[in-house]
Amino acid sequence: MSQAEQTETVDEDGVIESVSGPVVTATDLDARMNDVVYVGDEGLMGEVIEIEGNLTTIQVYEETSGVGPGEPVENTGEPLSVDLGPGMLDSIYDGVQRPLDVLEDKMGTAFLDRGVDAPGIDLEKEWEFEPEVAEGDVVEPGDIVGVVPETVTIEHKVMVPPDYEGGEVTSVESGEFSVEETIVELDNGEEIQMHQEWPVREARPAGDKETPTEPLVTGQRVQDGLFPLAKGGTAAIPGPFGSGKTVTQQQLAKWSDADIVVYIGCGERGNEMTEVIEDFPELPDPQTGNPLMARTCLIANTSNMPVAARESCIYTGITIAEYYRDMGYDVALMADSTSRWAEAMREISSRLEEMPGEEGYPAYLAASLSEFYERAGKFQLINGDEGSISVVGAVSPPGGDFSEPVTQNTLRIVKTFWALDADLAERRHFPSIDWNESYSLYKDQLDPWWEDNIAGDWSDVRQWAVDVLDEEDELQEIVQLVGKDALPEDQQLTLEIARYLREAWLQQNALHDVDTYCEPEKTYRMLTAIKTFNDEAFEALEAGVPVDEIQNVDAAPRLNRMGTAEEWNEFIDEIEDDLKEQLRALY
Ligand code: ADP
C-alpha cells in the first residue's frame with residue numbers, strides 16, 4: 001500500500017465488532033468500498049469489502065490472531081494502491097507491495113511480523129532524470145516527459161499520469177531527483193513526479209486492443225513450436241502436483257523475450273518461492289547478459305502468508321505490469337498459482353457467509369478470473385504508442401482433475417492451454433506438456449511471423465510433425481493390442497519417427513545449460529533434421545530396405561543430442577549428411 005504521501009487518518013473512527021480469521025467487522029467506521037484501513041492497536045492493513053448500514057466488513061492482509069473486539073479501526077480514505085516509479089524492477093514484494101528486503105531490515109526477518117508498512121519504492125533515492133520535453137511543449141495524459149536509467153537493462157519512462165488533464169509545460173528539470181520531487185510543471189498547475197499511485201483494482205486506461213501478431217518467444221520447443229503464445233496473449237498451465245508447473249513458469253520468466261517480467265508467487269510453498277528469490281538474482285538475462293532481475297519484479301506471497309494478501313497480490317502484479325506496458329514495453333506476467341488465489345477468494349467468501357457456487361468457490365469466481373485475464377492484451381496506448389501484457393497463469397487442480405471449477409473457468413478465457421500430464425512427468429518426459437490435450441488459438445496469426453523471420457515453410461513442417469504425432473497416437477492403440485511387430489513396415493517407421501519427435505524435439509531439459517533455452521531457429525532446424533531422417537528413411541523403405549536396418553543406422557540416435565549441442569548448426573548439418581549417406585548406402 002502506498003505510504004508515499006502519508007494520508008491523514010481520522011482518529012479511531014471505528015471499533016472492531018468481530019474477528020474471524022482474515023475477516024474483521026467494525027462499527028461506526030465512515031468508509032467507502034475498497035478503502036484501506038488500519039485495524040486494531042497494531043494497525044494491520046486491511047481493505048473494506050462490504051458495507052451494510054453501520055457495519056463494515058474488512059479483509060485484513062496480515063495475520064489477525066490476538067486482535068479483538070473493541071480495538072480501533074482507522075480509515076485512510078484511499079483505495080488499495082501501488083506505488084509506481086523507478087525502483088520496482090529488481091524488487092521483491094509481498095502481496096501488498098511491501099518490499100521484502102525493507103521489511104526484513106525493519107523486523108530482522110521477512111514474512112513474519114505485522115503492522116509494519118513500507119513504501120513500494122524508495123522515496124529517498126535519487127535518480128538521474130533526463131527530460132524529453134521542453135518548456136512550451138504541450139503534453140497529454142500518458143505522454144513521456146523524460147527517462148530515467150532504472151536498471152542496466154531498462155530505461156524507465158516518466159509519464160504524465162493518466163488521470164491528469166495535461167497542458168503546456170511551464171518548467172522542466174534535469175538531473176538527480178528523488179521520486180517525490182516535481183520535475184515537470186504544467187500551465188494548469190499540474191505537477192509531475194517520477195512517482196505515481198494507482199488503485200490496484202482498476203485497470204489503467206489504454207486504447208483499443210489489437211490483434212497480437214508476434215510470438216512471446218519462450219525458448220521452449222514444445223511451446224514455441226506447437227502451442228505458441230502471442231505477445232499480449234493469455235495462457236494457462238494446469239497440471240497436478242509435481243508435473244512441472246513451477247519449472248515451466250520459471251523457464252518463461254527466465255527465457256521469454258519480454259522486456260519486463262512480473263512474477264507472482266501466489267500461495268505456493270515458501271521453499272519454492274525462496275528458490276526463485278535466491279536463483280533469480282544470480283541469473284543472467286539471455287538477451288542482454290545483464291542480471292535477470294534488472295528486468296524482473298517479483299511478488300512473493302507464499303502459503304504461510306495471510307490469505308487476504310494472496311487475494312491482492314494478483315492485482316498488485318497486474319497493475320505494475322500495466323504501468324510498464326504504458327511505457328511501450330512488452331510485459332510478461334506469470335502467476336503461480338491462480339488456484340491458490342481462487343482458494344483465497346473462497347476462504348474469504350465463506351467467512352462472509354456468501355452463497356457458495358460450485359465446489360464452495362464464490363459465484364463471482366468466473367468473473368474475477370476473466371477480469372484478471374482481460375487486463376492482458378496488445379494495446380494501443382493512450383499516448384499513441386503500443387505495449388503489451390502477456391499473462392500466464394498456473395492452475396493446480398486438486399488431484400489433477402481438469403473438470404474442477406478453476407481449470408474450467410480458466411479454459412473458457414485463455415487462448416493458449418499448456419496441459420501438463422502426470423504420466424509424462426512420471427516417465428520423465430519434460431516439459432510434460434501433453435501434445436494431445438494442449439492447444440493454441442494464436443497459431444494462425446503467428447505463422448506469418450515465423451515465416452518471415454525463421455523459415456518460409458514453417459507451418460508445413462509443423463503440420464507434418466503434428467500429423468506424425470497424431471498418427472502415433474492412433475497406432476499406439478493397435479500396438480497395445482497386437483504389438484509393434486504386427487504393424488506393416490511403414491507404420492513401424494512412422495512410430496520410430498514419432499519417437500524422435502518426442503524424445504529429441506518435444507523433450508527439453510530445463511536443467512541442462514544448453515538445452516534449457518532453444519532459439520526459434522534451432523527449434524525449426526531440429527524439426528527439419530528429423531524430417532530429413534523421415535524423408536530419407538521412407539525412400540529407403542520404398543527401395544526395399546527392411547525397417548530394422550533403417551532404424552539401426554548409426555547417425556539416427558545422434559538426433560537425440562541436438563538439443564544439448566552448443567554448435568547446433570554444424571552438429572545438425574553433419575547428422576543430416578551422415579543420415580543421407582548411411583541410408584542411401586543401404587540400397
Ligand atoms: P509442480 O509445480 O507442478 O508441482 P515442479 O515444477 O516443481 O512441479 O516440477 C517437479 C519436478 O519435475 C522438478 O523438480 C524437476 O525435477 C522436474 N521438471 C519439471 N519440468 C522440467 C523440465 N522442463 N526439465 C527438467 N526437469 C523438469
Q | Quotient of Cα Rg and 2.2 N^0.38 Å for the range 244-347, N being how many residues it contains | A | 1.04
Q: Please calculate how many Å² of accessible area the chain carries per residue, with a 1.4 Å probe and no DNA, RNA or ligand atoms counted.
A: 40
(Q) What figure, in Å² to the nearest 10, do you get for the accessible area of Y517 with a 1.4 Å probe and non-protein molecules left out? (A) 60
Q. Over the chain, what percent of the accessible surface lies on carbon and sulfur atoms, probe 1.4 Å?
A. 43
Q) Angle, helix 489-500 long axis vs. longest principal axis of the chain, Cα atoms, 0 to 90°, nearest 10? A) 30
Q) Can you work out the FRET efficiency for the pair D554 and L352, with r the C-beta to C-beta distance and R0 = 60 Å, to the nearest 0.05? A) 0.30
Q) When the solvent-accessible surface of protein heavy atoms is calculated with a 1.4 angstrom probe, in what order do K254, K580, K522 fall, highest first? A) K580, K254, K522
Q | Computed over the chain: relative contact order in percent, which uses C-alpha pairs under 8 Å that are six or more apart | A | 13
(Q) At 0.36 nm per residue, and after removing the present C-alpha to C-alpha distance, how many nm does the segment from E202 to E181 gain when stretched out fully? (A) 5.0 nm
Q | Cα-projected label distance for E50 with N188, points at 7 Å along beta-carbon direction, nm | A | 4.0
Q.
Keeping all protein chains in the complex and leaving out DNA, RNA and ligands, what accessible area do you get for D513 with a 1.4 Å probe, in Å² to the nearest 10?
A. 140
Q | Value of [θ]222 nm, deg cm²/dmol, for the chain, DSSP H segments ≥ 4, -39500 (n - 2.57) each, nearest 500 | A | -9500 deg cm²/dmol
Q.
Between helix 338-351 and the chain, what is the angle of the helix's C-alpha long axis to the longest principal axis, kept within 0 to 90° and rounded to the nearest 10?
A. 40
**Q.** Exposure rank, largest accessible area first [R428, R584; 1.4 Å]
**A.** R428, R584
Q) Which FRET efficiency, nearest 0.05, do R412 and D137 yield, Cβ-Cβ r, R0 41 Å? A) 0.35
Q: Could you name the lysines whose alpha carbon sits less than 26 Å from that of K531, not counting residues in the same chain fewer than 8 places away?
A: K443, K484, K522, K580
Q) Near D515, within a Cβ-to-Cβ distance under 13 Å, what is the net charge of the other residues, with Lys and Arg +1 and Asp and Glu -1? A) -1
Q. How far is the Cα center of the range 365-426 from the Cα center of the range 256-285, in Å?
A. 19
Q: Could you work out how far helix 443-453 tilts from the main Cα principal axis of the chain, as a 0 to 90 degree angle to the nearest 10?
A: 70
Q) Using 1/(1 + (r/R0)^6) with R0 = 51 angstrom and r between the beta carbons of T170 and T564, what's the FRET efficiency to the nearest 0.05? A) 0.25
Q: Using a 1.4 Å probe and ignoring any ligands, DNA or RNA, find the accessible area of I454 and quote it in Å² to the nearest 10.
A: 40
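The values are calculated or read from the model by the stated rules, or taken from the named source; none is laboratory data. Nothing here was measured: the structure is a model prediction, and the numbers come from that model. We place every Cβ from the backbone using ideal geometry, glycine too, and count neighbours over all the protein chains shown. When the accessible area is computed, the model is the full protein with side chains, heavy atoms only, and any ligands, DNA or RNA have been set aside. Shrake-Rupley method; radii C 1.70, N 1.55, O 1.52, S 1.80 Å.
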